[in-house]
Amino acid sequence: VEFPPVFPFVVEIAYRLTGEIAHNFYYFQAVLFSLFQAANIALFSRIAIILTPDLAEKRVWLYATLLLGLFYGWTYFDPAAVFLLLLGLFWAISDKKIQSAAAFALGALVKWFPLLALSVLLRMSSKKWWHFFLVSTAMIVLVWGTLMLISPDFTAASLKSQFAKGSWETVWALIDGNLLTGNFGPKSERYDPAAASNPLGNPAVVPPAITLIPFAVLGLWVFLKSRLETPRSQVAFVAFTLCLFFLWSPGWSPQWVLYLLPFILLLLKNRMAILFSAVFLLVNLLEWPLLLSRGLFWGLYITVPIRTFLLILLAWEFWTMIPRGKTQFILTESS
């Protein structure tokens, strides 16, 4: 399985508990995703009260309404990763940094994205940054290391599969000529660990390792210049980090909008938050399921540039919310 281990094991257990009956299993997943969606709304509310207490209620209603109407939250397991991302963020701005590091690490065991938010703890914490890095690393190494000992071939295949995936639904994919989705090969290939290294689509014209360099330099510069002394700046820093990663990423899946939606509604002004949310959601829904599910892959030449432009605008908006000071290394006391 190409995903980190938590969700595959959860659904395996759920499938057996539901008697291996398909419709029972689907209902179980619907209930599970609903609980995560409800928890996400609750966490969003707690964070919104801290950031903008006078606007919190309106933002919470808007977020809840969008989640109820957005089918991505009911058909993908990303709400579980979003929950751990928001939980870690709430604990970070509540000065519960060890718990925050643990939440981000557990989130990375569901889907890798929450681990990006660990950067906010490393920047906030001055000389104690290594405590949180150690907690997160220990949790991830323990789980993946145990699986590697039990089943080295399939565990290694799970990790390798992402690197063989190629590009999809991004500007990099358009450059590579990969007009496809992020789906992996047929189920039959998943019983052969060697199949995890089979390339999907055309090879990269510009390898991700090369494109990573300018994004990493920009990210490091922002990291060193940022002064994260308020909850708002800390949340904005995580939002900027996610945008920067998605701009670099060789691939994009439309349900990933679930990771950005809370930050758009938490940080942007009312009209701008509504506008960005509406346009961002419409572009992704146009891509999937409206166009790609019908085989209209030419639509990527429309949706991908628009989404990339929106990501750039969002990154800029979030960057302007982060106070900047003299460059400092994380081993020194912050001013």
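In segment 51-75, what residues are more than 15 Å from Y259 (Cα to Cα), modelled with pLDDT under 95 and hydrophobic (A, V, I, L, M, F, W, C)?
Correct list: L55, L68.
Among the residues that make up segment 97-116, is at least one of them open to solvent by less than 10 Å² (accessible area, probe 1.4 Å), assigned to a helix (DSSP H, G or I), within 24 Å of V6 (Cα to Cα) and in contact (Cβ under 8 Å) with a residue 60 or more places away in the chain?
As a first pass, look at segment 97-116 and keep what is open to solvent by less than 10 Å² (accessible area, probe 1.4 Å): 100-101, 103-105, 107-110, 114.
Pick out the ones that are also assigned to a helix (DSSP H, G or I) and you get 100-101, 103-105, 107-108, 114.
Okay, now just the ones that are also within 24 Å of V6 (Cα to Cα), so 100-101, 103-105, 107-108, 114.
Within this subset, residues satisfying the condition of being in contact (Cβ under 8 Å) with a residue 60 or more places away in the chain are 108.
Looking through segment 97-116, at least one residue is open to solvent by less than 10 Å² (accessible area, probe 1.4 Å), assigned to a helix (DSSP H, G or I), within 24 Å of V6 (Cα to Cα) and in contact (Cβ under 8 Å) with a residue 60 or more places away in the chain.
State the number of residues belonging to segment 215-234 that are surrounded by 20 or more Cβ atoms within 10 Å (Cβ to Cβ) and either touching an Asp or Glu at 6+ places or on another chain (Cβ under 9 Å) or outside any helix (DSSP H, G or I) (or both).
2
For segment 235-249, indicate whether the set of residues that are of a type outside the set (A, V, I, L, M), more than 28 Å from N178 (Cβ to Cβ), surrounded by 22 or more Cβ atoms within 10 Å (Cβ to Cβ) and within 18 Å of the chain's Cα centre (by Cα) is non-empty.
So far as segment 235-249 goes, yes, one or more of its residues are of a type outside the set (A, V, I, L, M), more than 28 Å from N178 (Cβ to Cβ), surrounded by 22 or more Cβ atoms within 10 Å (Cβ to Cβ) and within 18 Å of the chain's Cα centre (by Cα).
Could you check segment 235-335 for helices (runs of 4 or more DSSP H) lying wholly inside it with 2 or more residues that are without any contact (Cβ under 8 Å) to a residue 40 or more places away in the chain? Before you say what the answer is, go through the steps one by one.
Numbers: elements: 257-267, 270-285, 300-320.
Because the criterion is at least 2 residues that are without any contact (Cβ under 8 Å) to a residue 40 or more places away in the chain, the helices (runs of 4 or more DSSP H) in segment 235-335 that meet it are 270-285, 300-320.
Within segment 40-50, does at least one residue satisfy the condition of being modelled with pLDDT under 95 and surrounded by fewer than 20 Cβ atoms within 10 Å (Cβ to Cβ)?
no
Checking the conditions here, which among F215, F223 is touching a residue at least 60 places away in the same chain (Cβ under 8 Å), closer than 30 Å to L86 by Cβ and of a type outside the set (K, R)? Outline the logic, then answer.
Values: F215 fails: touching a residue at least 60 places away in the same chain (Cβ under 8 Å).
Answer to the selection: F223.
Quick grid of which residues meet (1) within 19 Å of W248 (Cβ to Cβ); (2) not basic (K, R):
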residue	(1), (2)
W168	yes, yes
W172	yes, yes
D176	yes, yes
G182	yes, yes
R190	no, no
A194	no, yes
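The values are calculated or read from the model by the stated rules, or taken from the named source; none is laboratory data. Predicted model only: the values in this text are computed from it and were never measured. Cβ coordinates were reconstructed from backbone atoms using ideal geometry, including for glycine residues, and neighbour counts include every protein chain displayed. Keep in mind that these areas ignore ligands, DNA and RNA; they rest on the heavy atoms of the full protein, side chains included. Shrake-Rupley method; radii C 1.70, N 1.55, O 1.52, S 1.80 Å.
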